[in-house]
Amino acid sequence: MQYPIHQVRNNLYHYRTVIRRAILTRVWGMHIGENTRISSKARLDFTNPRGVHIGAHTSVTFDVAILTHDFVNNRHVDTYIGSYCFIGTGSIIMPGVSIGDHCIIGAGSVVTKDVPDRSIVAGNPARIVRSDIMTTEYGILAPSTQD
């Protein structure tokens, strides 16, 4: 039986995602929610891997750095990303930051402070651009909150 190439590609992507999540959670001790997508080019902090906490149905895109240690101050802290979030390309999440549920982090943002639930932040340092939003799976903005 022949499978169209897109079905093969989608199946391979799914299996790779499941295997990567299993390695990150079971071997490294990270807390990663179900159905979360993490780019293979994302940089998760392996200095303190147990400090990485990512909620369910979240998307972490390529070149994102999630930090859980501060070498200069010699501290290891937990960094939290909520459920139903989208972390844009090239963003840096600093150690000890908590990002709430249903948040969108703009590309290239440097998140230095906690982000409240249902917010869009962008910039360096990241500032709240919009509040009271709702996102669906992988941080996609819900139709009812789009302008």
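Taken together, the values in this text are just the output of simple stated rules run on the coordinates, not laboratory data. Source: prediction; values computed, not measured. No Cβ is skipped: glycine too gets one built from the backbone with ideal geometry, and neighbour counts run over all protein chains shown.
For residue 53, the conditions (1) touching a strand residue (DSSP E or B) at 6+ places or on another chain (Cβ under 7 Å); (2) buried (at least 19 other Cβ atoms within 10 Å of the Cβ); (3) closer than 24 Å to residue 141 by Cβ are fulfilled apart from (2).
Within the range 75-94, the set of residues being in a loop (DSSP other than H, G, I, E, B), buried (at least 21 other Cβ atoms within 10 Å of the Cβ) and not small (Gly, Ala, Ser) comprises 84, 85.
Total residues in the range 18-39 satisfying the condition of being closer than 20 Å to residue 137 by Cα, over 14 Å from the mean Cα position of the chain (by Cα) and not aliphatic (A, V, I, L, M): the figure is 1.
When we screen 110, 129, 121, 72 for residues that are touching a Pro at 6+ places or on another chain (Cβ under 7 Å), farther than 21 Å from residue 17 by Cβ and either surrounded by fewer than 18 Cβ atoms within 10 Å (Cβ to Cβ) or not aromatic (Phe, Trp, Tyr) (or both), the only hit is 110. Cβ separations smaller than 9 Å between residues 6+ apart or across chains give no pair from the range 1-18 residues that are free of Cβ contacts under 8 Å to residues at least 24 places away in the same chain and under 18 Å from residue 41 (Cβ atoms) to residues that are surrounded by 11 or more Cβ atoms within 10 Å (Cβ to Cβ) and of a type in the set (Phe, Trp, Tyr).
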